[in-house]
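The values are calculated or read from the model by the stated rules, or taken from the named source; none is laboratory data. Here the structure is a predicted model, which is why all the values come from computation and not from measurement. All Cβ positions, glycine included, derive from the backbone under ideal geometry; neighbour counts span all protein chains shown.
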Amino acid sequence: MAEPTSAPQGTDRTRRRHLPILDCVPIERGGRLGAAPERAAGLAPPAELVDAWTRRVSYLRVSLTDRCNYRCGYCMPTVEPSHLGREQVLSADELVTIIAALKQVGVRRVRLTGGEPTVRKDLIPIVVRLAKLGLDELSLSSNGERLSELAAPLRDAGLSRVNISLDTLDPERFRRITRHGSLERVLAGIERVRAVGFPHTKLNTVALRSFNDDELGKICRFAFEHDLTPRFIELMPMGSGMSIDSGGFLSAAEIRDRLTAEFGPILPILDEQPALPGGGPARYVGVRFGHQVRRVGLIAAVSEPFCDTCNRVRLSASGQLHACLGYDEAMDLAAIVRSGPKAPCDCAQAVVAAVQAALVDKRAGHGFTQSGCGGPQKPMVSIGG
Ligand code: SF4
């Protein structure tokens, strides 16, 4: 989901629309064009990427693969999904071509996602090449299973930061939610990430009623004791998330109530506490932990949406540019970089023009609802969360 916490520089806030959550009614398109890659060819490349609602794009989430070594119920379909063929997945050359083009028009931060990005065999060479582009931040989201082996090579390759998913500290629950996972291996991966010196590591937990809502305090304590920042994420009603009984949804307000019961009154984050890198969608609250006030992030895409400050787009493993996570529509960038006599083509301008065309069509916000209607049909694992 989206992560902005502040208005993009230079945005005219008076033109921005504030976004209600509408029950089962997709929010209207902001743009004037239908989504079709061909039309990008006739457009002059912009100096920067701005959508129809004057939101500037500076953040790209890149799914390196639609495969994962886990099968978390809210992300993967219960039946084994059909995966992309090798030839459908963007190659390292194609990825670098697209990302270098978008860097020229203001994309400053890139996050590598999946599926699970660490199952991609050429992950390290990809990170080496992307790190040379001179982005402000190149980060990765992982389930942690392979970080014991990969943390040091990733750091040496030039990765800036890592976020790790951890939905429970109970080994049996962990096996149940991941269907394949080993809590022991993830904890070892977390230790390795700390040991090799990655800064500002965040621990991401999808908060689910009657699954882990009794563990929120325990997960926070674990994070604080390991110098990590815990973040709780609302379940998003898309793909497999729709199949989870809507009774499992836990709102940010309820998460704050749980934190209050554990740590006492929620505290504001003081100005002198420096902002965390990432510029993401999490809104941070403070909780008292010993003599300190520690941060806890809440990513409340459903109950407290942050679409009005959206600064991101997503690139799927098959090269589909999703202007918004909330809809299935996408622009086919793979077709662009694979056109022409040599692949990837020398096509930065066409890539930029295609992305700008998709942004013209970007909706003001998602249509997620707590009852599960309004989200895209694609599973999160195919878009990249
Ligand atoms: S506009 Fe779309 S991509 Fe941006 S925060 Fe909202 S749902 Fe996420």
(request) Could you check, for the stretch 170-185, whether at least one of its residues is under 22 Å from R295 (Cβ atoms) and under 21 Å from the mean Cα position of the chain (by Cα)? (result) no
(request) Collect the residues in the stretch 321-350 that are touching a residue at least 40 places away in the same chain (Cβ under 8 Å) and within 16 Å of the ligand (Cβ to nearest atom), keeping them in residue-number order. (result) H322, A323, C324, L325, G326, Y327, D328, E329, A330, M331
(message) I'm trying to understand the selection: among the residues of the stretch 28-78, which are of a type in the set (G, A, S) and at pLDDT 95 or above?
(response) S58, S63
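If I ask for residues that are touching a residue at least 40 places away in the same chain (Cβ under 8 Å) and at negative phi, which ones from the stretch 132-148 would you list?
Step one: list which residues in the stretch 132-148 are touching a residue at least 40 places away in the same chain (Cβ under 8 Å), which gives 137, 139, 141-148.
E137, S139, S141, S142, N143, E145, R146, L147, S148 - these are the residues of the stretch 132-148 that are touching a residue at least 40 places away in the same chain (Cβ under 8 Å) and at negative phi.
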(request) Would you mind finding the one in S371, S382 that is at pLDDT below 75 and within 26 Å of T97 (Cα to Cα)? (result) S382
(message) So, in the stretch 85-105, how many residues would count as being in a loop (DSSP other than H, G, I, E, B) and buried (at least 18 other Cβ atoms within 10 Å of the Cβ)?
(response) 4
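Please state which one of L359, L333 is within 18 Å of E94 (Cβ to Cβ), in contact with a strand residue (DSSP E or B) (Cβ under 9 Å, 6 or more places away or on another chain), of a type outside the set (K, R) and modelled with pLDDT of 95 or more. Spell out the reasoning first.
Values: L359 fails: within 18 Å of E94 (Cβ to Cβ).
None of the other options fit; the residue is L333.
Does G197 fit the bill of being in contact (Cβ under 8 Å) with a residue 40 or more places away in the chain, on the phi > 0 side of the Ramachandran plot and not acidic (D, E)? Full working, then the answer.
Details: in contact (Cβ under 8 Å) with a residue 40 or more places away in the chain: yes; on the phi > 0 side of the Ramachandran plot: yes; not acidic (D, E): yes.
Yes: the conditions hold for G197.
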(request) Could you figure out which of (1) of a type in the set (V, I, T); (2) touching a helix residue (DSSP H, G or I) at 6+ places or on another chain (Cβ under 7 Å); (3) surrounded by fewer than 22 Cβ atoms within 10 Å (Cβ to Cβ) isn't true of V119? (result) (2)
(request) Restricting attention to the stretch 335-363, report how many residues are buried (at least 24 other Cβ atoms within 10 Å of the Cβ) and of a type in the set (S, T, Y). (result) 0
(request) Could you list, in sequence order, all residues of the stretch 209-244 that are among the aliphatic types (A, V, I, L, M), crowded, with 23+ Cβ neighbours inside 10 Å and at pLDDT below 95? (result) L235, M236, M238
